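*Asks:* One structure follows; several queries about it will come next.
The values are calculated or read from the model by the stated rules, or taken from the named source; none is laboratory data. Just so you know, these numbers come straight off a predicted model, no measurement behind them. Please note: Cβ atoms are built from the backbone with ideal geometry, for glycine as well, and neighbour counts cover all protein chains shown.
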Ligand code: KG4
Ligand code: ZN
């Protein structure tokens, strides 16, 4: 990744009717330029190889120049030339291979012959150019941290929870509602259903921002919760106060139902969950989700402004929340910067693939400290590492 040790590869593909040149660094795509001959061949109802060859010859210099220019990479920085050597149209492939040889000779670098289908196979791993500084929100059942990344090897924690992690707070709130573990997805589902009937508002009350959830048709009561630490001026959050406020709110809700305040006050989380009606769980879930996510996204927004970052990254189990993802995406859009969220659910909650990717990046960027290498014969020395914290 940037200014680091991943090899820079200039790749060429002329296997069919597209003249393409790219510059990549590790998984990062610095440029990916292409001239399509589609229109030329369309009138023949298919690709005409001889026309393709002539066009590749004609367009290659322009596409090459564009790819170099867009990547910001100097020719002399290129470590390898890669080229598709098959499968494809023979006389079209030959153009690319010839150009690749010329470039490799000119720059004095190795040439890599690549199978076109292998390219398709791994294309999903390609990343776009990464721009620092980046603000990353790592939000899971165990951690809630805001990390400012100056580069892959230079990063600092600029905000965090002072007590419970955000996912942990969801899990505890879910227990009070009588919902199964993990609580995040359960609350998330009810909150989404609640939005059909209930509306959410935010109101500033002195030094506290309040979430108010009430029925859209104003037919019943509304539920209020504080958004923690909104006005603290730093990038930290706290969830233990919200947890207590939520328990009090649920207790009041149950008490009203039972008309026996004294009894309800000493109810445990599990008992509270049993006493709530399914209907009451809807606005309560919506209120909790809004307060918990509003608290952290406001801090991310503050960080975006303070550090003038170019991208916002999101990772961790709570990123599975579609509400959180759209809040982050909306914020990035407003700031005119890029939001990167894991591509699918399996990459958000705990998984091994993210470890594999981190290992690759870490190996290429030893100074980043993501990976420790234990050579053959020293494997037994590897152990749990309590210092392994950001
Ligand atoms: O990263 P992860 O899989 O495990 C840890 O390393 O903690 O995160 C799991 C956490 C759980 O607390 C779970 O309730 C929360 O992520 N979570 C959610 C949602 N889906 C999972 N929290 C809020 N909304 C969700 N949709
Ligand atoms: Zn995790």
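*Asks:* Have a look at 172, 247 and point out the one that is in contact (Cβ under 8 Å) with a residue 60 or more places away in the chain, buried (at least 16 other Cβ atoms within 10 Å of the Cβ), outside any strand (DSSP E or B) and under 30 Å from the mean Cα position of the chain (by Cα).
*Replies:* Residue meeting the stated conditions: 172.
*Asks:* Checking residue 180 against (1) over 28 Å from residue 18 (Cβ atoms); (2) assigned to a helix (DSSP H, G or I), which test does it fail?
*Replies:* So the condition that residue 180 fails would be (2).
*Asks:* Further question on the same structure: When you go through 294, 311, 329 one by one, which is the residue that is more than 16 Å from ligand 2 (Cβ to nearest atom), under 20 Å from residue 161 (Cβ atoms) and in contact with a strand residue (DSSP E or B) (Cβ under 6 Å, 6 or more places away or on another chain)?
*Replies:* 294
*Asks:* For region 154-166, which positions are crowded, with 18+ Cβ neighbours inside 10 Å and outside any strand (DSSP E or B)?
*Replies:* If the condition is that a residue be crowded, with 18+ Cβ neighbours inside 10 Å and outside any strand (DSSP E or B), then 164, 165, 166 are the ones that fit.
*Asks:* With respect to residue 345, determine if the residue is more than 22 Å from residue 148 (Cα to Cα), surrounded by fewer than 19 Cβ atoms within 10 Å (Cβ to Cβ) and within 16 Å of ligand 2 (Cβ to nearest atom).
*Replies:* yes
*Asks:* Still on this structure, I have one more. If you go through region 110-146, how many residues are within 16 Å of ligand 2 (Cβ to nearest atom) and in a loop (DSSP other than H, G, I, E, B)?
*Replies:* Total meeting the criteria: 4.
*Asks:* Does residue 281 count as buried (at least 17 other Cβ atoms within 10 Å of the Cβ) and in contact with a strand residue (DSSP E or B) (Cβ under 8 Å, 6 or more places away or on another chain)?
*Replies:* no
*Asks:* Any residue at all in region 373-389 that's more than 16 Å from ligand 2 (Cβ to nearest atom), without any contact (Cβ under 8 Å) to a residue 12 or more places away in the chain, surrounded by fewer than 19 Cβ atoms within 10 Å (Cβ to Cβ) and closer than 25 Å to residue 25 by Cα?
*Replies:* Among the residues of region 373-389, at least one is more than 16 Å from ligand 2 (Cβ to nearest atom), without any contact (Cβ under 8 Å) to a residue 12 or more places away in the chain, surrounded by fewer than 19 Cβ atoms within 10 Å (Cβ to Cβ) and closer than 25 Å to residue 25 by Cα, which makes the answer yes.
*Asks:* Restricting to region 333-353, give me the number of residues that are within 10 Å of ligand 1 (Cβ to nearest atom) and either in contact with a strand residue (DSSP E or B) (Cβ under 8 Å, 6 or more places away or on another chain) or free of Cβ contacts under 8 Å to residues at least 24 places away in the same chain (or both).
*Replies:* 2
*Asks:* One residue is enough: does region 80-88 have a residue meeting the conditions surrounded by 12 or more Cβ atoms within 10 Å (Cβ to Cβ), more than 19 Å from residue 31 (Cβ to Cβ), at pLDDT below 90 and in contact with a strand residue (DSSP E or B) (Cβ under 6 Å, 6 or more places away or on another chain)?
*Replies:* Checking region 80-88: at least one residue is surrounded by 12 or more Cβ atoms within 10 Å (Cβ to Cβ), more than 19 Å from residue 31 (Cβ to Cβ), at pLDDT below 90 and in contact with a strand residue (DSSP E or B) (Cβ under 6 Å, 6 or more places away or on another chain).
*Asks:* Might you check whether a residue that is crowded, with 22+ Cβ neighbours inside 10 Å and either within 30 Å of residue 244 (Cα to Cα) or within 16 Å of ligand 1 (Cβ to nearest atom) (or both) occurs anywhere in region 355-372?
*Replies:* There is no residue in region 355-372 that is crowded, with 22+ Cβ neighbours inside 10 Å and either within 30 Å of residue 244 (Cα to Cα) or within 16 Å of ligand 1 (Cβ to nearest atom) (or both).
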